[in-house]
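Have a look at the structure below before the remarks.
The numbers here are math on the coordinates, done by the rules we state, and not lab data. Keep in mind that this is a model prediction, so the values were computed, not measured. As a convention, Cβ positions derive from the backbone with ideal geometry for all residues, glycine included, and neighbour counts pool all protein chains shown.
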Amino acid sequence: MGDMGDVGGIDARFRLDWTGFSLDVDLHLPGRGVTALFGNSGSGKTTVLRCIAGLERAPQGRLSVHGEVWQDDAPRGRWLPPHQRPIGYVFQEASLFAHLSVLGNLRYGVKRMLVTQAQRVSLDQAIALLGIEPLLERKPDRLSGGERQRVGIARALAVSPRLLLMDEPLAALDVQRKQEILPYLERLHDALDIPVLYVSHAADEVARLADHIVALEDGKVRAAGPLKDVLSNIDLPIHLGEDAGVVLQAQVVARDAQWHLVRVAFPGGSLWVRDGGQPLGQTVRVRILARDVSLALAPVHGTSILNSLPATVDHVAADHHPALALVRLVVGDAAGSAALLARLSQRSATGLQLAPGQAVWVQIKAVAVVG
């Protein structure tokens, strides 16, 4: 079988049946950036990842990475075993060799690099990106959970993979350790040109890291596409509950040092958000949860809410509870626009007589915006 698609992408089709579970997915994924495989436990996320790694063989399966076929479903078709696939795999637990130092574990990763591979990531680069220089002489039993996971990620990078697979790498960490490691994952996103498939059931991780999202449920793809498009589409069957909201790419354009705020601009408007120390001109992600957006028919004065923008109602839909509604809004105009979501009661939506095309004002709390 020849190339199944764009040489810059990942084409994957897997079908398998187990007792009580079946997987049926057909994916075309970007060849760069972070793609999140998102869904609840049992949705098939890890199974897809294991099929891509070759750890699980789907009898009806095809896989092409950057134009190179790793598996096809023809009789006696091509099948690359896991050790011949140029991948790095990060598990929930780092599983470091206890008898080796951190540096020894990393050098083991280098030894696993296929002789046919070009070196995409040097050992020194992996060490620097994960900030583990002070840890190199330690044994794993002298590392915190977050430090062990950073070493595990560096070891996966040390094989110079063409594809990095991460299976809920933060799931075993507490909130504080997760917050410590997330900036390093963001650094990988910005510094490396290696596509990442990131399995998670945590909407906050996906919103912070992903460029593309595949939502899985019961072994099937329910939605797939760029993160900002999928999250803002209230017709798609992704039940995020309290995590429903949008992610915007914005630029830091002003700072109010007195009140520890920065103003970020995006196509369609700007917002005051908490100052995270980013320099002026830097691009940031801003996550706005639907529960933190309120609507009014006219500008509201004398309120504690700092952000108020004119918007147009695009769509109104029922939410996960019969008392609630989700409203998709568009701010901006033809020169630049962005989508927002608002969650409000059905009573309020009816009282405001919300309908597509209606002009409203959206109010967003500065303290509720995560940059």
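The table below gives the values:
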quantity: Tilt relative to the chain, helix 102-111 - C-alpha long axis, 0 to 90 degrees, to 10; calculated: 70 degrees
quantity: Cut-off under 5 Å, modelled amide H: who pairs with L306 long-range; calculated: A366
quantity: Among beta bridges that DSSP assigns inside segment 10-231, antiparallel share in %, nearest 5; calculated: 60 percent
quantity: Packing-based order for 349-357, 82-90, using average beta carbon neighbours within 10 Å, highest first; calculated: 82-90, 349-357
quantity: Listed peptides 26-35, 183-192, 212-221 by packing density, highest first (mean Cβ within 10 Å); calculated: 212-221, 26-35, 183-192
quantity: Test item: Cα-centred dipole of segment 10-231, Lys/Arg +1 and Asp/Glu -1 on Cβ, debye; calculated: 640 debye
quantity: Euclidean distance between Cα centres, segment 251-326 to segment 97-169, Å; calculated: 39 Å
quantity: Residue-averaged [θ]222 nm for the chain, counting only DSSP H segments that reach four residues, each worth -39500 (n - 2.57); calculated: -5500 deg cm²/dmol
quantity: For G245, distant residues with modelled amide H under 5 Å away; calculated: A290
quantity: Farthest toward positive dipole pole in the chain [+1 Lys/Arg, -1 Asp/Glu at C-beta], among L261, A342, A98; calculated: A98
quantity: Of K45/K178; K139/K178; K178/K220, those spanning more than 25 Å from alpha-carbon to alpha-carbon; calculated: K178/K220
quantity: Note, ³J(HN,Hα) from phi for segment 326-336, Karplus 6.51, -1.76, 1.60, rounded to Hz, x at Gly and Pro; calculated: 10, 10, 8, 10, 10, 10, x, 9, 4, 6, x
quantity: For segment 215-222, 3J(HN,Hα) per residue [Karplus equation, 6.51 cos²θ - 1.76 cosθ + 1.60, θ = phi - 60°, Hz, x = Gly/Pro]; calculated: 9, 10, 8, 6, x, 10, 7, 9
quantity: Rounded to the nearest 20 debye, dipole of the chain from Cβ charges on Lys, Arg, Asp, Glu; calculated: 640 debye
quantity: For L163, distant residues with modelled amide H under 5 Å away; calculated: G88
quantity: Segments 285-291, 16-22, 321-327, 247-253 sorted - mean Cβ within 10 Å per residue, highest first; calculated: 285-291, 247-253, 321-327, 16-22
